[in-house]
Amino acid sequence: MVTDQRYGVGKRFRLGLLLDRAERLVQAAATPSLVQLVMRVALAVPFRKSGMLKWNGFLKLNDTAVRLFTDEFMLHLPGGPYHFPAPAVMAFLSGCAEITLPVLLVLGLGTRFAALGLLLMTLIVELTVPEGWPIHLTWAALALGIMAWGPGSLSIDSWLRRTAI
């Protein structure tokens, strides 16, 4: 064993054990349920903020929201950009979704469906504002992660499953 120490095998073994312990501590701080909650909140925040900017009161869209859907937000499809059908309707539906889906996401109620709705909205946003792709990619990754791994144990969905059994 003297020759092993001279070449540092024992030191490398101890370093490996130390790194393994440190990794376990970091992993314990990032429990899956906490990560899933943070993912839900991270996806909900930008959509909720955007939704809040569209309203002047209960079910009353502001003029800016309708004007954006009329003049600015156009689908960039092959053959050129196209206006949304019925911009006022699209603005209303978008505003409702941007208020409702983030709340459901944070609460963890119908979580996978809320994430799917926000993923579809992200795809539409990407088609209308293609230069925003870096942030849209982040939103899509969060939505897909939530859809794949679910809301985690810190959610109403999880509580409902536990109490239903």
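If only one of V125, V106 is closer than 15 Å to F47 by Cβ, surrounded by 17 or more Cβ atoms within 10 Å (Cβ to Cβ), assigned by TED's automatic domain parsing to the domain that holds A42 and modelled with pLDDT under 95, which one is it?
V125 is the lone residue from the list that is closer than 15 Å to F47 by Cβ, surrounded by 17 or more Cβ atoms within 10 Å (Cβ to Cβ), assigned by TED's automatic domain parsing to the domain that holds A42 and modelled with pLDDT under 95.
Kindly evaluate L119 against the criterion of being outside any helix (DSSP H, G or I), crowded, with 16+ Cβ neighbours inside 10 Å and either in contact with a Ser or Thr (Cβ under 8 Å, 6 or more places away or on another chain) or modelled with pLDDT of 95 or more (or both).
Judged against the criteria, L119 is not a match.
In the set F73, F13, which member is at pLDDT below 85 and loosely packed, with under 13 Cβ neighbours inside 10 Å?
F13
The values are calculated or read from the model by the stated rules, or taken from the named source; none is laboratory data. Just so you know, these numbers come straight off a predicted model, no measurement behind them. Don't worry about glycine lacking a Cβ; one is built from the backbone with ideal geometry, like all the others, and counts go over all protein chains shown.
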